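What follows is a short report on a single structure.
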Amino acid sequence: MQTVIDWIKQKNPELQGEILPDTDLIEARLINSLDFLEFIYLLEQVSGRSVDLDRVTVDDFRSLNRIREVFLTDPAPTAAG
């Protein structure tokens, strides 16, 4: 998660202090549309999984809590068969 926070801070050098886990990153303009694909690539690198853009919504990127839940938590095991 620290890699994600560091990326956001690098893109927003004017940002002072810590980013709260429930801060709306989009409303606060901490992730903008020009850097969004770079951010997706970062999430893929950090999580080790590809991001299916057909299955995610903007709400999946809204806060650090949601990013952790959707992208950085191991998926639930599925039953084989």
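Computed from the coordinates by the stated procedures, all read-outs in this text should not be read as laboratory data. Just so it is clear, the model here is predicted, and its values are computed rather than measured. Neighbour counts are summed over all protein chains in view; Cβ atoms, including those assigned to glycine, are modelled from backbone coordinates with ideal geometry.
Data for the structure
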| quantity | calculated |
| --- | --- |
| Nearest-0.05 FRET efficiency for THR23 and GLN45, computed from C-beta distance (R0 25 Å) | 0.65 |
| Student exercise, the chain dipole from Lys, Arg, Asp, Glu Cβ charges, in Debye to nearest 20 | 80 |
| Approximate shape of the chain as ellipsoid semi-axes (Cα gyration tensor, √5λ), whole Å, largest first | 24, 13, 12 |
| Full-extension gain in nm, ARG66 to GLU14, via 0.36 nm per residue minus C-alpha separation | 16.4 nm |
| Calculated FRET efficiency for the pair ASP6/THR57, C-beta based, R₀ 35 Å, to 0.05 | 0.90 |
| Most to least packed among 7-19, 47-59 [average Cβ atoms within 10 Å] | 7-19, 47-59 |
